[in-house]
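Derivation of every value follows stated rules applied to the coordinates shown; laboratory data play no part. Values in this document were obtained by computation on a predicted structure and should not be read as measured data. Here the Cβ is made from the backbone with ideal geometry for all residues, glycine too, and neighbour counts use every protein chain on show.
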Amino acid sequence: MKRILFMAFAVLLLAVSSCKKENNNKASETEDLTQIQEVSNANFSVEIWGVKSGFETGYNDIYFRVKDKTSGVYLQDASLSWYPEMHMMSMSHSCPNSTIAKMNGKQTLYKAYAIFTMATNATEYWDAKIDITKNGEVSTVIPVLNVVASSTKKVASFTGSDSKKYILAYIEPQKPKAAVNDLVLGLFLKNGMGFDAVQNLNIEVDPRMPSMNNHSSPGNENPVFNPSDNFYHGKLSLTMSGLWKLNLIVKNANNDIIGGKAVTQTEDSNLYLEVEF
Amino acid sequence: MWIFRRYILLVLWLAIADFLFAQEPDTSFTSLNEIVVSAKPVLDYKSQTKPLSSLDEYMEKMTNVGLIKRGNYAWEPMLNSMASERIAVTIDGMHIFGACTDKMDPVTSYVEVSNLKEINVSSGQSGASSRPSIGGSVDLVRNCHEYTSSGWSGAVNFGAESNASLVSAGAKVKYANHLFFTEANFMFRNADNYKAGKNTLVNFSQFTKHNASLTAGVKVAESQTLTASLIVDNATNIGYPALPMDVSLARAFITSLEHTAKAISPAIEAWNTKVYFNTLKHIMDDTKRPNVAIHMDMPGNSETYGLLSNAIVNVKKHKFIFGISGYYNRSLAEMTMYPKNPLEKPMFMFTWPDIRTLYLGLNTKDHWMINAHHHLNYSLHAGFQQNKIADEKGLQSMEIFYPKASPTKNRFLYGLQAGYTFEKNGFEVTFGSGYGERAPSVSEGYGFYLFNSFDKYDYIGNPDLKNEKSVDANVGFVYRNNKVKVNVNGNYFHIFNYIIGAINPALSPMTIGATGVRQYTQLPFAQIANANLELSYKPIWNLAFKGLFSYSYGTDNKQAYLPLIRPFSFRFNVNYTIKSFDFEVATEGAAKHYAYSENYGETATSAYAILNLSAGYKLLLPQYQLYVKVGVENIADTYYTTYADWNHIPRRGRNFFVSLSFVFDKTNRCH
């Protein structure tokens, strides 16, 4: 009996201690993430984290933590909003992005995405105006985001046959495998300085390996719009590792081509994205 | 008797200790003979045209055996017009599986004639004892030792050929006493590019091969022995002119430990048990080829662990063999391709995604001598086979083609066979029939974009294939007297669920230059028939004429021809012996190959005939023998190709050869 009690106590202790670990260990909040930069104003210090050590053109998951400088405590109930913006020589524009939302299961971590359409260069740069609302007071930081060109083409901007301006972005798989992968693409329509998710167009994907004489793969499923995240979801099968070119055609409900064209013996689609692993 | 008569035993007489006690000490390091297993082997050096020829060249002369040539090395044996997937090739019963996805390393390429005593070929189900097969089995039997001699013996051999500057050199030494023996054997072969007829150089046909073997045995008790053996075979710089790639390394370690007990009881004649392990490594290489579309590395590995145990039991007029056989194989092959653009990442795939094959089987045979004229034999076997995709990534790749692919697949495989022989007054009639099943090979089940340069298609395996099943029948007639022997025999295989690649137009080829993709699938049936006529005439004791005529036929369920089926072909020899000299004139050829398979990329091959001459001399002293042989093959330098030459690469043109064997034997009979 004593032994059982002791064991039960030990198990309980173990459970409690492991619980505590999850609660208190701040490292677990940002596990597998890398801090990219930190920016502060008089009241708050905002940490910006990412999956990689910097921002790339295309889709980026961006994570935020906000520390109250006076108390030294990370905020758990702040309301964050932001506006990423490209400052060009003659004009400024934003990019497709999401609102900043508190992450499920995290205490202090907030998340948003941004699809950067171009890289920072000597004269043109991205910044993000971040508003922190706490107890009705708004406090702002404006970090400059350094965006480098991705080694593969992860975002495509095009003017459709309907003369509208679109952005098509590669979102998943972020860790592609030689397998049938879940494919997620984002399609956005330029609306003034901002972007709206497009939901009534069809996307056709024809994956090819340019270095293998345009070898393609079976078992792909064209992505279809999913209102839960406003992205297009499909299947992408990759028969081997290496560079794959996703040749794309965007069509409207009448089957008119808005962008891209079918791959032929001599020509690929002019609308494409790339994945390499 | 029937079952043993169906074995064509080609004896490579290497066991020097044995020949002292043979009636005619007329042997050499590597002479080959066709004998009946129940009789004492007759040593006949004269029947060997080229004593130091490769194992492939030996096998090519065997009835019902064909060899697919992709170069001047590692020919792929076919039996009854069926290749690797449908036949079982073993070394002393040990299962070895080639490590190359493109069949560039058949089992026979990892041994040397000098390792072997004989080659047992059994057709159809009579050979399916240790592994299920459709076409039959080829067992390469290693030298054995009888513990009847003591002392040193050995041999030194040298061969040279003008074509390809081929050099063969080997040595062997053996020590034995009444309780122990050990034998070491080494062979080296090197060839440059060979020349086909009309002085045509065939680029990328070179090879270098080293083979070493070590065997040691000890008598652990009266009638019980323990034998350990190791073969190391290392071939490098092997050209495959018929293929787009060569091989930089093909290496095998083949080990075994065997326990033999003889005369355990009046009924139990012998009981052999063997454990074995072998590992093969095969590395393809395209770095020496010009204009390679994309450079690639294609290493392959195959490891096999196995166990065999057989008991021979005599009960009255029955001779039973009871056996168990088990093995576990791991086959893993991969491909990495390097894009021309150095900024792009290498492209990688598993071509054999770490496939594990477990086989466990039971078999029994009975040879029943009803009386002096009537013999009956029958056999049964049953086995369990499991295939498993051990690599998760491999399974995910397979799921691209087979979304419901399961990582494991279990099968039961059965077979049975019966045969009858009647013999009287020099006449012998045999007939028999069998039923057998086989599992798909690793490539057929799980291969991933394996390029076949013959039909220019990429092949995708199919894990859902059913067992291939075969019903076979055979019939033979022999008449022999002092001067004449006539042997007519034929067999027929009706194969259900015949596994073959079918074009899937929806799939895009991976290999640059491939026409399309074939997926392995099954035809309702296919049929294969083989027929042979052998004629021998010996008007006087030292003059012999011998002719062999063969024909095979194979079609699928729509009466379309199957690929790689032998057309009408013939071989004709005249041998003459005088004193210590012997001479041979031989011709061989084939009719035009009309029955080719257009579907599988075959085109017609023309008729051909070539002429060979050879002469031999032997010097026999009590403890030393010297054998000299010279000859010329394809005297007319004919440019020709056969049905079995991959992509019609031409065969060797005129070739002068010389071989020298020096044998010493200082053993005494043990008392």
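A few points about this structure:
- Karplus-derived HN-Hα couplings along the range B:230-236 (A = 6.51, B = -1.76, C = 1.60, θ = phi - 60°), whole Hz, x at Gly and Pro: 9, 10, 10, 10, 9, 10, 9
- Subset of B:Lys281/B:Lys388; B:Lys209/B:Lys393; B:Lys50/B:Lys319 violating a 30 Å alpha-carbon distance limit: B:Lys209/B:Lys393; B:Lys50/B:Lys319
- Considering only the Cα atoms of the protein assembly as shown, their convex hull presents on average a projected area of 52.5 nm².
- Alpha-carbon Debye profile of the range B:139-180, log10 I(q)/I(0) at 0.27, 0.32 Å⁻¹: -0.94, -1.04
- Across the range A:30-148, Cα-Cα pairs more than 17 Å apart make up 53 percent of the total.
- Shape annotation for chain B: C-alpha extents along the principal axes are 72, 57, 46 Å, from largest to smallest.
- Size descriptors for the range B:528-671, from the alpha-carbon set: Rg then Dmax equal 20.5, 66 Å.
- Theoretical gain in end-to-end length, B:Lys424 to B:Ala184 [0.36 nm per residue, Cα-Cα removed]: 81.9 nm
- C-alpha long axis of helix B:392-401 to longest principal axis of chain B, angle in °: 70 degrees
- Relative to the longest principal axis of the Cα atoms of chain A, helix A:2-24 runs at roughly 60 degrees.
- Mean Cβ neighbour count within 10 Å, used as a protection proxy, ranking B:243-255, A:218-230 highest first: B:243-255, A:218-230
- Annotation: lysines with alpha-carbon distance below 28 angstrom to A:Lys164 (same-chain offsets under eight excluded): A:Lys129, A:Lys153, A:Lys154, A:Lys190, A:Lys235, A:Lys245, A:Lys251, A:Lys261.
- Distant-in-sequence amide H partners of B:Asp645 (H built 1.01 Å from N, under 5 Å): B:Lys69
- Over the range A:176-262, the Kirkwood radius and the radius of gyration, each from Cα atoms, give a ratio Rg/Rh of 1.01.
- Counting Cβ atoms of other protein chains within 10 Å of each Cβ in A:238-246 and taking the mean gives 6.
- Highest mean packing first, where packing is the average number of other Cβ atoms within 10 Å per residue, the peptides B:638-649, A:31-42, B:81-92 line up as B:81-92, B:638-649, A:31-42.
- Shielding of A:178-187 by partner chains, average beta-carbon count, 10 Å: 3
- Neighbourhood charge, 11 Å Cβ-Cβ cut-off, centred on B:Ile649 and excluding it, Lys, Arg +1 and Asp, Glu -1: +3
- Shape of chain A, Cα gyration tensor, a/c cut at 1.5: oblate
- Shape category assigned to the range B:469-514 from the gyration tensor of Cα positions, a/c cut at 1.5: oblate
- Placing +1 on each Lys and Arg Cβ and -1 on each Asp and Glu Cβ, with no other charges, gives the range B:2-669 a dipole about its Cα centre of roughly 980 debye.
- Using alpha carbons only: equivalent-ellipsoid semi-axes of the range B:105-165, gyration tensor based, whole Å: 29, 22, 8
- Couplings for the range A:213-226, taken from phi via the Karplus curve 6.51 cos²θ - 1.76 cosθ + 1.60 with θ = phi - 60°, read 6, 6, 3, 10, 10, x, x, 7, 10, 4, x, 10, 5, 10 Hz in order; Gly and Pro are left as x.
- The eigenvalues of the Cα gyration tensor, multiplied by 5 and square-rooted, give the range A:123-235 an equivalent ellipsoid with semi-axes of 32, 18, 17 Å from largest to smallest.
- Whole-Hz ³J(HN,Hα) from phi, Karplus 6.51 cos²θ - 1.76 cosθ + 1.60, for the range A:253-264, glycine and proline x: 5, 8, 6, 7, 6, 8, x, x, 7, 5, 6, 10
- Candidates A:Gly58, A:Gly72, A:Gly194: whichever shows maximal mean-square fluctuation once chain A is modelled as a Gaussian network with Cα springs under 10 Å: A:Gly72
- Debye log10 I(q)/I(0) at q = 0.12, 0.16, 0.19 Å⁻¹ for the range B:276-349, Cα point scatterers: -0.58, -0.74, -0.87
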